[in-house]
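The values are calculated or read from the model by the stated rules, or taken from the named source; none is laboratory data. As the structure is a prediction and not an experimental result, all values here were calculated from the model. Positions of Cβ are backbone-derived with ideal geometry, glycine not excepted, and every protein chain shown enters the neighbour counts.
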């Protein structure tokens with residue numbers, strides 16, 4: 001879960017997923033936001049409270065600090081991107097094969113984000 005507020009009904013959908021998995025399946029979630037911000041992030045404090053209540057009941061919280069591993073090569077990538085800009089734009093112009101669409105469930109909370 002990121003920095004911006006999530007779309008409307010996200011809290012309801014996330015609650016539905018957590019409720020269906022509660023005490024039956026393992027669930028892992030990562031977030032760069034503290035738990036205190038989830039009510040504001042979801043735009044629904046009661047849903048966020050219910051989600052966290054169920055989600056944290058049997059949870060182990062791992063707090064990771066330090067520099068992002070994903071950004072470790074960012075300075076080198078920016079320099080390389082300037083050199084290969086023409087190659088990247090040529091690759092974007094190639095036609096691609098259409099991806100196979102998976103059937104989506106009827107429940108709107110379980111449909112992939114568009």
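Structure notes:
- Count of residues meeting criterion [outside any loop (DSSP other than H, G, I, E, B), touching a helix residue (DSSP H, G or I) at 6+ places or on another chain (Cβ under 6 Å) and in contact (Cβ under 8 Å) with a residue 24 or more places away in the chain] in the range 38-49: 4
- Of all the residues in the range 16-57, those that are over 18 Å from residue 5 (Cα atoms) and loosely packed, with under 10 Cβ neighbours inside 10 Å number 6.
- Residues in the range 52-77 that are in contact with a helix residue (DSSP H, G or I) (Cβ under 6 Å, 6 or more places away or on another chain) and modelled with pLDDT under 90: 55 alone.
- Taking residues in the range 8-26 that are at positive phi and at pLDDT below 85, and partners anywhere that are exposed (fewer than 13 other Cβ atoms within 10 Å of the Cβ) and not in a loop (DSSP other than H, G, I, E, B), the pairs with Cβ atoms closer than 8 Å and at least 6 places apart or on different chains are 9/108.
- Enumeration of residues in the range 17-37 that are more than 24 Å from residue 69 (Cα to Cα) and either outside any loop (DSSP other than H, G, I, E, B) or out of contact with any helix residue (DSSP H, G or I) (no Cβ under 7 Å at 6 or more places or on another chain) (or both): 17, 18, 19, 20, 21, 23, 24, 25, 26, 36
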